[in-house]
Amino acid sequence: MTIVLYSIITLLLLFVVLAIMAPRHYEVNRSIIINRALPDVFNYLKHIKNQDQWSPWKKKDPDMKQEFIGTDGQIGFIAKWDGNKEVGLGEQEIINIIENDRVEARLRFFKPWKSESDAVTKVEDVGGGQTKVTWGFSGKNKVPANIFMMLYNVDKHVGKDFEEGLASLKEILESK
């Protein structure tokens, strides 16, 4: 009986130690330079529906169901999706727009797991008619999910999707 009790206490202590050590915050972002003037790039990016043309997740499930609420390119606009297991079920809401600077959105995922993240797409004039676009998201890892994040490299996994999406964005905007 004491062996079982010690085993349970050891497992609980291990869980507590891992929960304390595990990352409580995540952030992933990638950038690309686009040969296009900042106002043109920003005007394209502030419309969430345009993501269908360059998003890596739309490519993973081109038949996903989508629903839009509100006016695209304005605060309060919501894009909902219901897709295959690679894209899941969720929604994106524009929560802030700083003209010619950034679009901030809240991402709410319901499947395959429930989570919430803050997304941002920033633009910066780098001269010569070029614009630097930084696309990223961040959020908090709650216990016990933060323990799982010790084994899962979100930057590596999602970062490659961001790189793919930004490369598509560059191709689209530079071909216009």
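Laboratory data are not the source of any read-out in this text; all were calculated from the coordinates shown. All values reported here derive from a predicted model rather than from experimental measurement. All Cβ positions, even for glycine, are placed from backbone atoms using ideal geometry, and neighbour counts span all protein chains on display.
If we restrict to alpha carbons, what Rg and Dmax does the chain come to, in Å?
Looking at the chain, its Cα Rg and Dmax stand at 19.6, 75 Å.
Taking the Cβ-Cβ separation of VAL120 and MET1 as r and a Förster radius of 41 Å, what is the calculated FRET efficiency to the nearest 0.05?
Efficiency for this residue pair is about 0.15.
Stretch ILE172-GLN74 to full length: gain in nm at 0.36 nm per residue minus the Cα-Cα span?
33.1 nm
How about LYS140: which lysines have a C-alpha closer than 16 Å to its C-alpha, ignoring those fewer than 8 places off in the same chain?
LYS140 reaches LYS114.
Could you tell me the calculated FRET efficiency between SER31 and GLN66, based on Cβ-Cβ distance and R0 = 25 angstrom, to the nearest 0.05?
So the FRET efficiency works out to roughly 0.40.
Can you tell me, using C-alpha contacts under 8 Å and at least 6 residues apart, the relative contact order of the chain as a whole percent?
Computed value for the chain: 30 percent relative contact order.
Bin width 10 Å, alpha-carbon pairs only: give the P(r) of the stretch 24-127 as whole percents, running from 0 to the bin holding the largest distance.
14, 45, 33, 8, 0
Which helices, counted as full DSSP H runs in the chain, have an axial Cα extent of no less than 18 Å and a Kyte-Doolittle average of 0.0 or above?
Helices meeting the criterion: 2-21.
With a cut-off of 8 Å between alpha carbons and a minimum separation of six or more residues, what is the relative contact order of the stretch 51-149 in percent?
15
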